[in-house]
C-alpha cells in the first residue's frame, strides 16, 4: 500500500455512517432489518469499507460477499451519505446486479478470485464469516437436532398416554406384590431420585449447548452488555432502566426540584455519547411530563432497542433446538414416563380393586405441578444467569436490577415496580416454556422496508464496474 493508498484507507476507515443523534441511523437500520448483533454489524460495515476501497483502487471488477452486498444495498438508499462516500473514494462506484447473461458466471468467478487476491494484498486474510455466510443466523455454529427427534410437549404427552396401557400390564405383577405403606415410601424415593436425575440432565444438556454456543461462536463471545441483558430477560424496558440508571450515576439526569416524580436533564453536563442514553435524554425533552414510566415506555418502543429482541429470538431458537438440549429432553421425558407410568398404574389398579386412592391422586397431582413449574422455568433461569454473568458491570447476577431498585432518584421518579411487572409499555415478549421447542419462533422472516429491503438483496451481485 503506497502513501496515497494508505491515506485514502485511513480516511475511508474513519468515515462515519451514523451520528449519536440518530435513533434509526444507518447502523441501527442495518442491524434491525437483518437481525444482526452490534459486533456483526460493525464488522460488516468495516468489510464493506474495505470492499469499496478495493473498488476504488482497482481497475478490474471486484465482487462483494452476500453480507457486504446487503450493506451496499442499504447504503445506496442513503443517497447523500453514499454520494459523499464516493467523493471520498475519488470514484463513483456503480452497483451492477447479476443479469444471468451467458458467460456471466465465469466473469463473476474471476471477480471473486481477483477480489480475494486484492484483499489479501492490502488487508491480509478476509473475515471468514462476513465473506462466507448469508445471515447472522447462519454464522451461529451450534449442532441442531434432527427434526424427527425434536418433538413438542403435546406430542410427548400423547406418546406417553398411548404407552400407558402396555406399561400398566408390565407394572401390574410388580405392584400386586407391594403393600400400601411400602408403596408410599417407594413412590417418595422414586420422586426424589427422578427430581435429582432431571436436574442433572437439565444442567448437563444446557451447559453442553451453551458452552458450544459460546466457545464455537466469536460473535456470541462479543455480545455487548445491552444485548446480553435483553437476551437474558427478553425485556427491553429493563435495558432502558439500566441506561436510565447510568444517566443518574453519570449525573446527566436528575429528579425535578419541583416534582420528584419527574426527570430533567442536567444542562451543565455534557451529553452522553451512548446512542441509547442520548435517545433517553431526547425523550425527556420531548415529553413535558418527563416521568419515568413515560420515558422508559416511549424509548423502549424504538427500533434502537427492539432490534435486540431479534438477536434474542435467534439465539434462543438455536439453543432450544440444539442437539444437546433435545437429546437430554428425551431422556428427561423417559424418566418422567417411568415415574408416572408407575404411579398411574398403581392408581388404575387401586381403582379397579376398589381400594382408596385419594392420597395417591393428591400425590400425583402435586408432583405434576412441581415438575410443570420446575421445567417451565429451569432452562430460562440457567439461560438468564449464563448471559448476565458475561457482563462486566454490576449487571452480573440474577439481581442485576438491584442497583436500579436502590437508586433513590429512580425511586422518587416513581412507577418502577409497576413498570417492571406490567406489560403495558414496549414490545417485550412473554416468556415461553424453555422445555417446549415449538414455543420458540425461528425469526426467519425479513423486515419490510419502504425504501430498500436489504433482506431481499440479489442472490448474486456482479460487483462494481472498473473505470
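The values are calculated or read from the model by the stated rules, or taken from the named source; none is laboratory data. This is a predicted model, so every value here is computed, not measured. Heads up, the Cβs are rebuilt from the backbone with ideal geometry, glycines too, and the neighbour counts pull from every protein chain shown.
Here are the numbers for this structure:
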quantity: Of the criteria (1) closer than 24 Å to residue 143 by Cα; (2) surrounded by fewer than 19 Cβ atoms within 10 Å (Cβ to Cβ); (3) in contact (Cβ under 8 Å) with a residue 12 or more places away in the chain, which one residue 322 fails; calculated: (2)
quantity: Which listed residue, of 177, 172, is within 30 Å of residue 355 (Cβ to Cβ) and in a helix (DSSP H, G or I); calculated: 172
quantity: Qualifying positions in the stretch 1-21 - more than 29 Å from residue 117 (Cα to Cα) and either outside the structural domain of residue 72 (by TED's automatic domain parsing) or surrounded by 12 or more Cβ atoms within 10 Å (Cβ to Cβ) (or both); calculated: 18, 20
quantity: Filter result (free of Cβ contacts under 8 Å to residues at least 24 places away in the same chain and surrounded by 24 or more Cβ atoms within 10 Å (Cβ to Cβ)) within the stretch 22-36; calculated: none
quantity: Any hit, the stretch 127-135, residues being surrounded by 15 or more Cβ atoms within 10 Å (Cβ to Cβ), in a helix (DSSP H, G or I), in the same structural domain as residue 39 (by TED's automatic domain parsing) and within 41 Å of the chain's Cα centre (by Cα); calculated: no
quantity: Failed condition for residue 380, given (1) at pLDDT 90 or above; (2) closer than 30 Å to residue 210 by Cα; (3) crowded, with 18+ Cβ neighbours inside 10 Å; calculated: (1)
quantity: Any chance residue 88 is closer than 21 Å to residue 133 by Cβ and part of a helix (DSSP H, G or I); calculated: no
quantity: Of all residues making up the stretch 216-253, the number that are in contact with a helix residue (DSSP H, G or I) (Cβ under 7 Å, 6 or more places away or on another chain) and surrounded by fewer than 17 Cβ atoms within 10 Å (Cβ to Cβ); calculated: 3
quantity: Meets criteria (more than 29 Å from residue 39 (Cβ to Cβ), out of contact with any strand residue (DSSP E or B) (no Cβ under 7 Å at 6 or more places or on another chain) and either at pLDDT below 90 or assigned by TED's automatic domain parsing to the domain that holds residue 212 (or both)) for residue 105; calculated: yes
quantity: Residue that is at pLDDT 90 or above, more than 30 Å from residue 66 (Cβ to Cβ), touching a helix residue (DSSP H, G or I) at 6+ places or on another chain (Cβ under 8 Å) and surrounded by fewer than 16 Cβ atoms within 10 Å (Cβ to Cβ), where the choices are 163, 196; calculated: 163
